[in-house]
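Visitor: To start, I am sharing the structure in question, which I have written as structure tokens.
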Amino acid sequence: MQQSVLIVPAEAEQVLTNNLPAQLTSLIGREQEVEAVCSLLLRDDVRLLTLAGAGGSGKTRLGLEVAKRLLTEFADGVFFVSLWPPLAFPVSSCLPLRGCLGCTNLQK
Ligand SMILES: Nc1ncnc2c1ncn2[C@@H]1O[C@H](COP(=O)(O)OP(=O)(O)OP(=O)(O)O)[C@@H](O)[C@H]1O
Ligand SMILES: [Mg+2]
């Protein structure tokens, strides 16, 4: 897995482990959604959160923004793992996705 170190300007003393891809444009809106997703992910009883929406509606962008904002919350780091295309990263064969939710064509 590619890793990089991000120094957050507002908290320059903290060096935070992550591999989040840099966003070359500013996030437009979505403040309520970002807050809602951050709150959900910080709950002890939430271990998986799915963002659903039409193609191109901003699911990945929202997820990346949330990941960036939660960098300081996870001591072991925050990582982006693309599950599509399925062969892009071997983690897709480690997760119990095969045969569930119609994901029958995942390959090792
Ligand atoms: N709130 C936003 N502010 C700025 N750019 C955005 C925003 N939401 C989405 N974009 C941009 O629009 C494009 C599509 O967004 P994104 O890739 O997040 O959609 P998606 O829902 O994940 O699509 P797919 O279903 O194909 O995975 C990207 O270039 C992304 O950076
Ligand atoms: Mg996406």
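Visitor: Kindly state, to the nearest 0.05, the FRET efficiency for LEU42 paired with PHE79, given R0 = 22 Å and r defined as their beta-carbon distance.
Guide: 0.80
Visitor: Take peptides 67-73, 52-58 and line them up by average Cβ neighbours within 10 Å, highest first, as a rough protection proxy.
Guide: Ranked by mean Cβ neighbours within 10 Å, highest first: 67-73, 52-58.
Every number in this text was worked out from the coordinates using simple rules, so none of it is lab data. Only a predicted model underlies this, so the values are computations on that prediction, with no experimental measurement involved. Reconstructed Cβ throughout: ideal geometry from the backbone, glycine too, with neighbour counts over all protein chains shown.
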